[in-house]
Every structure is written in C-alpha cells, then in structure tokens.
Amino acid sequence: MTGMIQGGWEFVWAAYGITGVAMGIYIASLWIRWKAEDKSE
Amino acid sequence: MTRQRVAAAFALVGLGLLSWGSYLGLWVAPPDRYMGDVQRIMYVHVPTAWLALVVFTLAFVYALLFLIRRTWRWDALHEATLEIGVLYTALLCIQGALWGKPTWGVYWAWDPRLTTVAVMLLSFAGILSLRHFLDDPLRRASWSATATILASANVPVVYYSVRWWNSLHQLQSTPKTVNSAMVEPLRINAFGLLALTIALIMIRSWIAEARRRRDLAPPLPEIEA
C-alpha cells in the first residue's frame, strides 16, 4: 500500500475527451453561424 | 492583416499550445504522490477554471461599458463572453465531477466551491437565454447587462470560497502550489486556452454584431415581378 490512487485513466480520458469534443463542436458551430451571418449580409 | 487572420492566428497558436501542454501533462509529467494519474485532469481543469473566471470578469466589464457608453460593440463582446463563459463553466463542472469520483468517492457534493460554481453557471446561462427571448436589441442589451452586473457579484465568491469556508475542494492550484515538474504543462495549457479564447471571443462578437445589424435593419421583402 503506497497511499496512492491506482488506475483511474478512464476518468482522465473522459475529462480530456469530453472537453476536446465539446470545444470541437463549439468551434464548428461558430464557423457555421459566422458563415450564415456573412451570407445573409 | 485582416481581423479574420488575427483570429485564425490566435486559434492556431492556442490549439498548438493546448496539444503540446496536454501531451506533457498526459505522458511526460510525473503522477501525483497521492492522486496518481488521476491528477492529470488538473492540466485541463485548472486552465478551464481560470479562463471561466477571466471570461466572466470580462463579461462584467463589457456589460458596464455598454451601460456607460451605449456602444453596440460592447454589447457584442458582452454576448460573446457570456456564451463562452457558460461553455467553460459547464466543462469545468464535468471535469471536476470526473476528478471528484476517484478522489472523493462522489461525482458531486454540495461543497461551497461546487455550489457557488453551480450558481454561477445557472445565473449566466439564464442571462444568455434571456437574450434569446428578447427581440428588441436595446432592451436585450440593457436588461442582460444589468443582470450580468448583478450575477458578477458571485464571481469573486467562487474564487475565494475555498479560503472563506471549510471546503472539500483543495485550495487554488497555482505555479507556486504545485510541483515544478507539473508547472510547465499547466502554464502551457493556460496560455493555449487564453489564445484560443481570444479567437473565440473575436469570432462570436462578429456573429453578435451581424445579428444586431439584421435586427435593426431587417432585409427588405423581395418584390414580385
């Protein structure tokens, strides 16, 4: 027993994965909205 | 250089730094003495927390500037910072829950830090939805700016909550409070997210400005031949 939490990589991957996917979707939504506004002007 | 190129440059620098910082955080930095590899969530969680607080502070400044100056540019920046701040705070709660489960044993606790962050998320998300319900641009800008100034009173409470109350959440992680081997990925990710945030605020404010121009001068109906 070292007192250190063992494993837990699934939580690490989930945190980075959810953040990456959410940021990717947001950047894509910004791009789509920007192009739509640009077209309507 | 056009403003689009400036935004693209900030976005590319931000994404590059975030990739490098995350690589160092996931594979190069040592595991924490007690939390082991789970502590690697810090390299994404802490920069998200810093930037969420910075972006909401900017939202307060832009709201105040709009009410004082009555310039539409400040309203567009206010809308941009509101939306990005809500996104970052939602991500902050998810990352925190994923860090909390293996270290505290629970995804969520009604701890002072977590509760004040939840209040911050709900109040600013409410202001953002208020903007969607108001069609009149002046009313939308004035009402939401006033609401932002009121909701901003909670932002310093979130920051100091871990010092003011006996919190389950650890004290703020800064380069002075973490091991020197962990500082580099933390700092790189923080600057990366800052650069990306600048690009996102610029682009989102252009969208808000275009929408406001359309609201004030809607396109004329086409005349049938």
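The values are calculated or read from the model by the stated rules, or taken from the named source; none is laboratory data. Only a predicted model underlies this, so the values are computations on that prediction, with no experimental measurement involved. All Cβ positions, even for glycine, are placed from backbone atoms using ideal geometry, and neighbour counts span all protein chains on display.
Against the definition (more than 18 Å from B:T57 (Cβ to Cβ), under 16 Å from the mean Cα position of the chain (by Cα) and not hydroxyl-bearing (S, T, Y)), how does B:N189 come out, yes or no?
Answer is yes for this residue.
Does B:T148 count as more than 13 Å from chain A (Cβ to nearest Cβ) and β-branched (V, I, T)? Judged against the criteria, B:T148 is a match. Checked against the criterion of being more than 22 Å from A:I27 (Cα to Cα) and away from chain A (no Cβ under 12 Å), the candidates B:F56, B:F133, B:F124 yield just one match: B:F133. Here the range B:36-84 is the region considered, the condition is being of a type in the set (S, T, N, Q) and in a helix (DSSP H, G or I), and the residue that is farthest from B:F124 (Cα to Cα) is B:Q39.
Among the residues of the range A:1-37, those identified as of a type in the set (G, A, S) and at negative phi are A:A14, A:A15, A:G17, A:G20, A:A22, A:G24, A:A28, A:S29, A:A36.
Among the candidates B:W110, B:W206, B:W143, the residue that is surrounded by 15 or more Cβ atoms within 10 Å (Cβ to Cβ), more than 30 Å from B:R5 (Cα to Cα) and not basic (K, R) is uniquely B:W143. Scan chain A for residues that are facing chain B (nearest Cβ under 7 Å), within 26 Å of B:P102 (Cβ to Cβ) and among the polar types (S, T, N, Q) and the total you get is 2. In the range B:206-213, the condition of being acidic (D, E) and either modelled with pLDDT under 85 or under 18 Å from the mean Cα position of the chain (by Cα) (or both) is met by no residue.
Restricting attention to the range B:190-215, which residues are basic (K, R) and within 10 Å of chain A (Cβ to nearest Cβ)? Before the answer, list the steps.
Going residue by residue through the range B:190-215, those that are basic (K, R) are B:204, B:211-214.
Within the range B:190-215, B:R204, B:R211, B:R213, B:R214 qualify.
Taken together, the criteria place B:V162 among residues that are of a type in the set (A, V, I, L, M) and touching a His at 6+ places or on another chain (Cβ under 7 Å). Across the range B:94-105, a minimum of one residue is classified as out of contact with any Lys or Arg (no Cβ under 9 Å at 6 or more places or on another chain), within 14 Å of chain A (Cβ to nearest Cβ), within 15 Å of B:L53 (Cβ to Cβ) and surrounded by 14 or more Cβ atoms within 10 Å (Cβ to Cβ).
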